[in-house]
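A.B. asks: Before I ask anything, let me first share the structure, which is written out below as structure tokens.
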Amino acid sequence: MTNTDKVIAITGTRKGIGLFLTEQFLERGWTVVGCSRGASDLRHERYKHYELDVADEKAVSRMMQDVRRSFGKLDALINNAGIASMNHALLTPASTMERVFSTNVFGTFLFCREAAKLMGRKKSGRIVNFATVATPLKLEGEAVYAASKAAVVSLTEVLARELAPMGITVNAVGPTPVPTDLVGSVPEEKMTALIARQAIPRYGTMEDVLNVCDFYLRDESDFITGQTLYLGGI
């Protein structure tokens, strides 16, 4: 999927999957606007970085206004930014739930809303949100994280209907564990047991995630919306 005139916004681009996706789309000729709470080490003539919290409504709005002024359009959005909490519910403080939902749910919603305003100008756009296999697998110790991503799935399905008249599709990808900082602190025996529940018992790769994003972003995928594709055979 090579493009020379398309603009994509990706959240959480400082490291991990977000950085990988950014580098891939830059190699293909896309212009990428990314964001994270901190500065990015990535330097590229077609990459613009914004330092912000995805749950900061005013900051997200300012970013999208700047994208409009700088590029005049937005073709796609990948809501990659997310945080997890892996603890028993009885040991999870309310502050953890507020923090996780703030990033995973509020942040996703704000970017969907502001991106749709910009995409709607051209009656065309692709939005890809991030779900997780922790939701359908009902993983113990991940009640808050799984619940936040269940909200993202519901948000994806409703937005798909609301934004369809504007020519915008909204879908989600649900990765199985990918070796990143997000799962780095989880005990290996827990990861092994989790992966064993998949039809294909292996870790996911960043390329696996990219493959689903590519599918959703294709011009030919304009009839696919409101879907969540879980990896690994859940």
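A.B. asks: Could you tell me the relative contact order of the stretch 7-230? Use alpha-carbon pairs under 8 Å, at least six residues apart, and round to a whole percent.
C.D. replies: Rounded, it is 18 percent for the stretch 7-230.
A.B. asks: In a GNM of the chain with a 10 Å cut-off on Cα contacts, which of Pro93, Pro177, Pro201 has the highest mean-square fluctuation?
C.D. replies: Looking only at Pro93, Pro177, Pro201, the biggest GNM fluctuation is shown by Pro93.
A.B. asks: Another question, then. Arrange the following residues from fewest to most other Cβ atoms within 10 Å of their Cβ: Ser70, Ser148, Ser221.
C.D. replies: Ser70, Ser221, Ser148
A.B. asks: Starting from the Cα of Lys117, step 7 Å along the direction of its Cβ; do the same at Ala199; then give the gap between the two resulting points in nm.
C.D. replies: Distance between the two pseudo-spin positions: 4.1 nm.
A.B. asks: Taking Cα atoms, how many degrees apart are the long axis of helix 57-71 and the longest axis of the chain, rounded to 10 and kept between 0 and 90?
C.D. replies: 40 degrees
A.B. asks: Still on this structure: Would you work out the Kirkwood radius for the stretch 103-198? I mean one over the mean of 1/r across all pairs of different Cα atoms, in Å.
C.D. replies: 14.6 Å
A.B. asks: Could you give the spread of the C-alpha atoms of the stretch 51-178 along their three principal axes, from largest to smallest, in whole angstroms?
C.D. replies: Result for the stretch 51-178: principal-axis Cα extents of 48, 27, 25 Å.
A.B. asks: Using Cβ counts within 10 Å as a stand-in for footprinting exposure, how do Lys149, Lys117 rank, fewest first?
C.D. replies: Lys117, Lys149
A.B. asks: Then there is this: Give a residue-ordered list of calculated ³J(HN,Hα) values for the stretch 87-102 (Karplus: 6.51 cos²θ - 1.76 cosθ + 1.60, θ = phi - 60°; whole Hz; x for Gly, Pro).
C.D. replies: Residue by residue, the stretch 87-102 yields 7, 4, 4, 5, 10, 9, x, 4, 4, 5, 4, 4, 5, 5, 5, 4 Hz.
A.B. asks: If you don't mind, another one. Please arrange Glu57, Glu45 by counting, for each residue, the other beta carbons lying within 10 Å of its beta carbon, fewest first.
C.D. replies: Glu45, Glu57
A.B. asks: Excluding same-chain residues fewer than 8 positions from Lys48, which lysines have a Cα within less than 27 Å of its Cα?
C.D. replies: Once the sequence-local lysines are set aside, what remains near Lys48 is Lys6, Lys15, Lys58, Lys73, Lys117, Lys122, Lys123.
A.B. asks: How large is the helix-only mean residue ellipticity at 222 nm for the chain, computed as the sum of -39500 (n - 2.57) over DSSP H runs with n ≥ 4, divided by its residue count, in deg cm²/dmol to the nearest 500?
C.D. replies: -12000 deg cm²/dmol
Read-outs throughout are calculated quantities, based only on the coordinates presented, and are distinct from any laboratory measurement. Just so you know, these numbers come straight off a predicted model, no measurement behind them. When we count neighbours, we look across all protein chains shown, and the Cβ atoms used for this are built from the backbone with ideal geometry, even at glycine.
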